[in-house]
Amino acid sequence: MRGAPAVSLVGGTGMSALTVDYRNLLAIDEDEDGVDPERLDGDLGSRFRVAHRNVERARRSGSMGFLDLPGATEAPARIRRAAAGLHGRFDDFVVLGIGGSALGTRTLRDALGAGDPTFGARDAGGPHPRLHVADNIDPHSIGTLLDRLDMRRTFFNVVSKSGSTTETLAQYLVVAERLAREVGRDRAREHLLFTTDPERGPLRALAEAAGIPTLPVPGNVGGRFSVLSAVGLFPAAAAGLDVTAVLRGAARMERRCRTDELTRNPAGVVATLLYRADVECGQRVHVFMPYCDRLRSFALWVQQLWGESLGKAAGLGGRPAATGPTPLPAAGATDQHSLLQLFMEGPADKVVCFVTVDAADDPVPIGKAPASLPALEFPEGHTLNHLIAIEHAATAAALRTRSRPNLTVRLARLDAEALGELILLFQAATVYAGFLYGVDPLTQPGVELGKRYVHGLLGRPGYHPPGMEEANHPWQV
């Protein structure tokens, strides 16, 4: 038996709803695979302290603006006022955006909204519009959405930090034509708000020229870290969600992450142990698997956050890097019947991060089976909430038995405060992991070439299209 770890749970403090259970990443016994618990206070703890120090230094320099969003007061008040002005005036609220301008909003809506994700918050206490997130330029999806909306009763939030995102600008121009046709050009601005850079960019210039209201994305907050700014909070507030509680939960997690003691810092544990699984064990596929349908969009948000922040060809100071785990979203218990076979017996290149919720709004009792079908019988008193908890526990234990590492982020409940904690946990874990890998987690140079090629293929001056063969080349079937 190895020395027992100081803790294998990073528990909540005070009113915190979130606990990180990393027991299934540790080697408690000599014959077990995993991390020697003594390393948490040894080399891994030391490595994390360096990463924590680098994050704090970057924060003091002003480049980690997302960490300051939970404690802001002026911007949230402005957001709430703008959202309140829409109540009763519009039936539908549509976000036009892509990537970091949409995934966080979808996460807030799906986790906290009503069962139908197009509707506003349950029990919101007011006439809140349905919230739609148009996060692609598929013509069928955009056309179908616009065709079923009454443009006279629809509000559009155009979201782009740079103000030059090609897909978002295209969406806006489609919508602008419809608004002009159905409500008139003079009144179209009453149906629009741009969320963009506070000083520059095409959307900022257009807003100033056309008199369209705006909300700013802080200059030191990147798109994929922007959900706790106006990017995510304005649509959420318009739909009646409690954005004050979201920020309160995020602030609680931010305070928990101020310590450089690894086993007391939830984000530090997630970052350090997933980093170690990658670089020491070759577990380069990081599976994010919530056992809660309302968190499926959250797994997609983490996928962008983890992949775009950590997958880099060059490290800090221009040093070669070529690092980056591959994030894979999954859903429990659904993907026990699709991906679990691969996780259990396929290549040992994966580590699973489960997210569970202890309390359900409605546990849904399981009915009594007919006496003639005893195989259907469940012990009396079982609920679907209990069953899904058992499904997770069994899956985590089975993976550990096969030496397949996993950890669990456990929420005592899924409400606005708990979601705020969860969001800030993974944002902080991402930047810690960036410094552990030796890369800048705030940049995304790998996507810029594709953007330049898009501009070239569109024929924009100053851009050149990639060299492409004719469509009838011999390598096409």
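Run N406 past the list (1) closer than 30 Å to F225 by Cβ; (2) surrounded by fewer than 14 Cβ atoms within 10 Å (Cβ to Cβ); (3) of a type in the set (S, T, N, Q) and report the number of the one that doesn't hold.
Single failed check for N406: (2).
All but one of (1) under 22 Å from the mean Cα position of the chain (by Cα); (2) closer than 30 Å to T272 by Cα hold for R49; which doesn't?
(1)
Among the residues of the stretch 61-94, write down those that are under 15 Å from H191 (Cβ atoms) and within 22 Å of the chain's Cα centre (by Cα).
If the condition is that a residue be under 15 Å from H191 (Cβ atoms) and within 22 Å of the chain's Cα centre (by Cα), then F93, V94 are the ones that fit.
Restricting the search to the stretch 433-465, which residues are of a type in the set (G, A, S) and assigned to a helix (DSSP H, G or I)?
To start, the set of residues in the stretch 433-465 that are of a type in the set (G, A, S) comprises 433-434, 438, 446, 450, 456, 459, 462.
Scanning the stretch 433-465 gives A433, G434, G446, G450, G456.
Checking the structure you have, find out if any residue of the stretch 375-383 is open to solvent by less than 20 Å² (accessible area, probe 1.4 Å) and either acidic (D, E) or closer than 20 Å to D21 by Cβ (or both). Can you show your working first?
Here is the first cut: in the stretch 375-383, the ones open to solvent by less than 20 Å² (accessible area, probe 1.4 Å) are none.
No, the conditions are met nowhere in the stretch 375-383.
Yes/no per residue for (1) closer than 24 Å to E199 by Cα; (2) out of contact with any Cys (no Cβ under 9 Å at 6 or more places or on another chain); (3) of a type in the set (A, V, I, L, M):
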{"residue": "I137", "(1), (2), (3)": "no, yes, yes"}
{"residue": "H140", "(1), (2), (3)": "no, yes, no"}
{"residue": "L145", "(1), (2), (3)": "no, yes, yes"}
{"residue": "R153", "(1), (2), (3)": "no, yes, no"}
{"residue": "V158", "(1), (2), (3)": "yes, yes, yes"}
{"residue": "T165", "(1), (2), (3)": "yes, yes, no"}
{"residue": "L173", "(1), (2), (3)": "yes, yes, yes"}
{"residue": "A176", "(1), (2), (3)": "yes, yes, yes"}
{"residue": "A188", "(1), (2), (3)": "yes, yes, yes"}
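Taking the stretch 227-264 on its own, how many of its residues are closer than 25 Å to P129 by Cβ and assigned to a helix (DSSP H, G or I)?
Initially, the stretch 227-264 is screened for residues closer than 25 Å to P129 by Cβ, giving 227-250.
From what's left, assigned to a helix (DSSP H, G or I): 230-238, 243-250.
Selection size over the stretch 227-264: 17.
I'd like the full set of residues that are more than 21 Å from A84 (Cα to Cα) and either in contact with an Asp or Glu (Cβ under 8 Å, 6 or more places away or on another chain) or touching a residue at least 60 places away in the same chain (Cβ under 8 Å) (or both), limited to the stretch 150-182. Can you show your working first?
Within the stretch 150-182, the subset more than 21 Å from A84 (Cα to Cα) is 160-182.
Across the stretch 150-182, the qualifying residues are S160, K161, S162, G163, T165, T166, E167, T168, Q171, Y172, V175.
Going through the stretch 192-239 one residue at a time, which ones are open to solvent by less than 10 Å² (accessible area, probe 1.4 Å) and farther than 30 Å from A428 by Cα?
Within the stretch 192-239, L192, A207 meet the criteria.
Is there a residue being under 18 Å from the mean Cα position of the chain (by Cα) and either open to solvent by 30 Å² or more (accessible area, probe 1.4 Å) or of a type in the set (D, E) (or both) anywhere in the stretch 360-367? Give the derivation first.
Here is the first cut: in the stretch 360-367, the residues under 18 Å from the mean Cα position of the chain (by Cα) are none.
Among the residues of the stretch 360-367, not one is under 18 Å from the mean Cα position of the chain (by Cα) and either open to solvent by 30 Å² or more (accessible area, probe 1.4 Å) or of a type in the set (D, E) (or both), which makes the answer no.
If the requirement is being modelled with pLDDT of 90 or more, open to solvent by less than 50 Å² (accessible area, probe 1.4 Å) and of a type in the set (A, V, I, L, M, F, W, C), which of these qualifies: L179, L173?
Selected residue: L179, the only one of L179, L173 that is modelled with pLDDT of 90 or more, open to solvent by less than 50 Å² (accessible area, probe 1.4 Å) and of a type in the set (A, V, I, L, M, F, W, C).
Return the residue satisfying two criteria in turn: it lies in the stretch 131-163 and is in contact with a His (Cβ under 7 Å, 6 or more places away or on another chain) and part of a strand (DSSP E or B), and of such residues it is surrounded by the most Cβ atoms within 10 Å (Cβ to Cβ). Write out each step before concluding.
Applying the first criterion (in contact with a His (Cβ under 7 Å, 6 or more places away or on another chain)) to the stretch 131-163 yields 145, 154-156.
Going one step further and asking which of them are part of a strand (DSSP E or B), we end up with 154-156.
Numbers: T154: 23, F155: 20, F156: 26.
Residue satisfying both the conditions and the ranking: F156.
Looking at (1) open to solvent by 10 Å² or more (accessible area, probe 1.4 Å); (2) part of a strand (DSSP E or B), which is the only condition Q303 fails?
(2)
The values are calculated or read from the model by the stated rules, or taken from the named source; none is laboratory data. A quick note: this is a predicted structure, and the numbers were derived from the prediction, not measured. Please note: Cβ atoms are built from the backbone with ideal geometry, for glycine as well, and neighbour counts cover all protein chains shown. Keep in mind that these areas ignore ligands, DNA and RNA; they rest on the heavy atoms of the full protein, side chains included. Shrake-Rupley method; radii C 1.70, N 1.55, O 1.52, S 1.80 Å.
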